[in-house]
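Participant: Just dropping this structure here.
The values are calculated or read from the model by the stated rules, or taken from the named source; none is laboratory data. If you're wondering where the values come from, they're calculated on a predicted model, not measured in any experiment. FYI the Cβ positions are ideal-geometry reconstructions off the backbone, even for glycines, and counts take in every protein chain you see.
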Amino acid sequence: MEWQGVIKEIGPYLYISDEFPHGVSVNLKERKRSDDIDPETDEEVIVAGWVQTIRKKGKIAFILLRDRGGVVQVTALKNEMGEEDYGRLTKVQRESVIAVRGKVQKSEYVKRGFEILPIEWELLNEADAPLPMGVVDKVNVELDTRLDNRFMDLRREEVMAIFALKSTMLSAIRNNLEEKGFLEVQTPKILKAGAEGGATLFKLDYFGENAYLAQSPQLFKQILMSTGLERVYEIAPAFRAELSDTTRHLSEFTSLDFEMSFIESQDDVMDAVEEMLDSAIKAAIEDGEKYLEILGIELKAPKRPYPRISFEEAKKMLAEKGKQVENDLDTEGEKILGEIMAEKGYDAYFVVEYPEEEKPFYIMEKDGTPWSYSFDLEFRGQELASGGQREHRPDVLEERMRKKGLDPSDFEFYLKAFKYGMPPHGGVGIGVERLIQKALRLENVRETTIFPRDRFRLVP
RNA sequence: GCCCCGGUAGUGUAGCGGCCUAUCAUGCGGGCCUGUCGAGCCCGCGACUCGGGUUCAAAUCCCGACCGGGGCGCCA
């Protein structure tokens, strides 16, 4: 269709058109979100959204129109609209996008207390039928089908609720960290070398040179400790080419990392983690009430202080339950410990001082012992985060690298920062998706990622 | 990487050698209905992942491919 809009000059550099070129007669600039409509008014409003269902009852039809603000009922009367218009409106396919100009009317019949009597309406985009999956159907839809059709899956209120809560919690986390003087940073995700070892890396071609996707911002956030920024945090993707295919692994996940200087001990880091998580969960409870209700979740902030159990103690606690572990908690050990702690009323707890042998080179050893100044945060039997005090003395750090079979010369860019004034520091890395998964008691991490990447999924 | 399990209308399922012209629900199409709200009622539409094999006979048994689910290890 030809452009029919009128270009109106507002100033020397700004113009707007006052008509939409597609010939929409219902003015979307006047559109109101359904939760902004005052049920007491009897004025005209314009609403637009997705046709969720149409219940036809002969000469009256109820069209449920969904937008971000919820579902609003448009009540169509054949006698008011005329047979043709009524017929067209009530035959619109589900999930089509329409705009309606109509009169607000209080109504005892409708749950929301009002309905809209259409005066004029327009089909903005018709949906094909059948739908690849139902939005409100009572049949179950498998996760794989849902992820293949994520755009439609996200139209379901219980799916949207997860992401609304994720957003709320991340926002609370940012506020909490900012209040404590943390600065948000972004570190590179394309790296020359893989750094930590352990986790597998995604290799890529970087202008003819080998490069890797970052598995963690670890080395960079530590380098930043030597700059005087003192406290930094980053919420960014991390990539792991692990062959894991479980309900708690992703190839690309969001890593929430922070690092803080001048700590007295790793307890300072754990204190910060605890406060941060507490604020996130409380925000979800206070600001996300409506979404928790949709999900049918009763969320409680974990009892504080989060217990700090040494690895040796944890080992003993497990031994009492007949579970033997060596240098690390295996999945079963984690779950059993989760049950033991749940009985004592704790959802969240730290396991501290893991054997240094199990921990990466940058963790500080507890001198003269086989342990390290490290911790894992466990949440209902699953590892959510790990952190600790870092080794800030360059000579000891190099020695630890060699002990781990790494060549310090490969880490020049990193070690350099330790040679010209590096304060004692510590930090943590938290799996954001796992946090959301555990907090909302979801069975699969993929539920917490809008477009998850896993071993077998690269699309969409 | 290892170990189990599965692929049936658009979606979710039942059937697991002949009773299958394949069950049920949802969906889609049509019809009735002016206060529905998981609307209801009636009629209709729509499927055995692909390739090979066994058998008189395969959705059903065997092999392979592809796709998916769960667990372990590893991790966040």
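Participant: Counting only residues that are within 14 Å of RNA strand B (Cβ to nearest atom) and surrounded by 18 or more Cβ atoms within 10 Å (Cβ to Cβ), how many does segment A:403-441 have?
Facilitator: 13
Participant: Give me the pairs: first residue in segment A:199-225 and at pLDDT 90 or above, second residue of a type in the set (Phe, Trp, Tyr) and away from RNA strand B (no atom under 16 Å from the Cβ), beta-carbon distance under 6 Å, and six or more apart or on different chains, which are they?
Facilitator: Final answer for the pair search is A:219/A:414.
Here is a yes/no grid of residues against (1) more than 27 Å from residue A:414 (Cβ to Cβ); (2) in contact with a helix residue (DSSP H, G or I) (Cβ under 6 Å, 6 or more places away or on another chain); (3) polar (S, T, N, Q):
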site: A:122; (1), (2), (3): yes, no, no
site: A:131; (1), (2), (3): yes, no, no
site: A:136; (1), (2), (3): yes, no, no
site: A:141; (1), (2), (3): yes, no, no
site: A:146; (1), (2), (3): yes, yes, no
site: A:150; (1), (2), (3): yes, no, no
site: A:169; (1), (2), (3): yes, yes, no
site: A:184; (1), (2), (3): no, no, no
site: A:192; (1), (2), (3): no, no, no
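Participant: Let me ask you something else. What is the residue count in segment A:197-219 for residues that are within 15 Å of RNA strand B (Cβ to nearest atom) and buried (at least 19 other Cβ atoms within 10 Å of the Cβ)?
Facilitator: Step one: filter segment A:197-219 for residues within 15 Å of RNA strand B (Cβ to nearest atom), giving A:197-203, A:213-219.
If we keep only those that are buried (at least 19 other Cβ atoms within 10 Å of the Cβ) as well, we get A:201, A:213-219.
Looking only at that region, the number is 8.
Participant: Filter segment A:68-97 for residues that are more than 10 Å from RNA strand B (Cβ to nearest atom), buried (at least 18 other Cβ atoms within 10 Å of the Cβ) and not hydrophobic (A, V, I, L, M, F, W, C) and give the result.
Facilitator: Within segment A:68-97, just A:86 meets the criteria.
Participant: For residue A:363, all conditions in the list (1) touching a residue at least 24 places away in the same chain (Cβ under 8 Å); (2) of a type in the set (Val, Ile, Thr); (3) closer than 30 Å to residue A:158 by Cβ hold save one; what is the number of the exception?
Facilitator: (3)
Participant: Separate question: Output the residue which, of all residues in segment A:49-88 that are farther than 20 Å from residue A:104 by Cβ and in a loop (DSSP other than H, G, I, E, B), is modelled with the highest pLDDT.
Facilitator: Ranking the qualifying residues of segment A:49-88, first place goes to A:59.
Participant: Here's something else I'd like to know. Can you find a residue that is more than 16 Å from RNA strand B (Cβ to nearest atom), surrounded by fewer than 19 Cβ atoms within 10 Å (Cβ to Cβ) and of a type in the set (Ser, Thr, Tyr) anywhere in segment A:225-240?
Facilitator: yes
Participant: Counting only residues that are of a type in the set (A, V, I, L, M), give me the strands (runs of 3 or more DSSP E) lying completely in segment A:190-285 with at least 3 of them. Working first, answer last.
Facilitator: Numbers: elements: A:203-206, A:209-213, A:231-239, A:252-261.
By residue number, A:231-239.
Participant: Need the failing condition index for residue A:361 against (1) modelled with pLDDT of 90 or more; (2) more than 13 Å from RNA strand B (Cβ to nearest atom); (3) not charged (D, E, K, R), just the number.
Facilitator: It fails just one condition, (2).
Participant: Also: Between a residue in segment A:440-460 that is within 16 Å of residue A:249 (Cβ to Cβ) and any residue that is aromatic (Phe, Trp, Tyr) and assigned to a loop (DSSP other than H, G, I, E, B), which pairs come within a Cβ distance under 9 Å, given they are 6 or more apart or on different chains?
Facilitator: So the pair list comes out as A:457/A:451.
Participant: Might you let me know whether segment A:156-169 holds any residue that is out of contact with any strand residue (DSSP E or B) (no Cβ under 6 Å at 6 or more places or on another chain), of a type in the set (Ser, Thr, Tyr) and at pLDDT 95 or above?
Facilitator: Within segment A:156-169, one or more residues are out of contact with any strand residue (DSSP E or B) (no Cβ under 6 Å at 6 or more places or on another chain), of a type in the set (Ser, Thr, Tyr) and at pLDDT 95 or above.
Participant: Let me ask something additional. Go through segment A:241-267 and give me each residue that's surrounded by 16 or more Cβ atoms within 10 Å (Cβ to Cβ), within 21 Å of residue A:390 (Cα to Cα) and either within 20 Å of the chain's Cα centre (by Cα) or among the acidic types (Asp, Glu) (or both).
Facilitator: Residues satisfying the conditions are A:255, A:256, A:257, A:258, A:259, A:267.
Participant: Hey, could you check segment A:327-377 for residues that are touching a strand residue (DSSP E or B) at 6+ places or on another chain (Cβ under 6 Å) and among the β-branched types (Val, Ile, Thr) and say which is nearest to residue A:394 (Cα to Cα)?
Facilitator: Within segment A:327-377, the match that is nearest to residue A:394 (Cα to Cα) is A:363.
Participant: Mind checking which helices (runs of 4 or more DSSP H) fall wholly inside segment A:347-460 and carry at least 3 residues that are within 32 Å of the chain's Cα centre (by Cα)?
Facilitator: Ranges flagged: A:432-439.
Participant: Here's something else I'd like to know. Consider only pairs whose beta carbons are under 7 Å apart and that are at least six residues apart or on different chains; among these, list those whose first residue lies in segment A:94-108 and is in a strand (DSSP E or B) and whose second residue is near RNA strand B (Cβ under 8 Å from one of its atoms) and among the acidic types (Asp, Glu).
Facilitator: A:105/A:115
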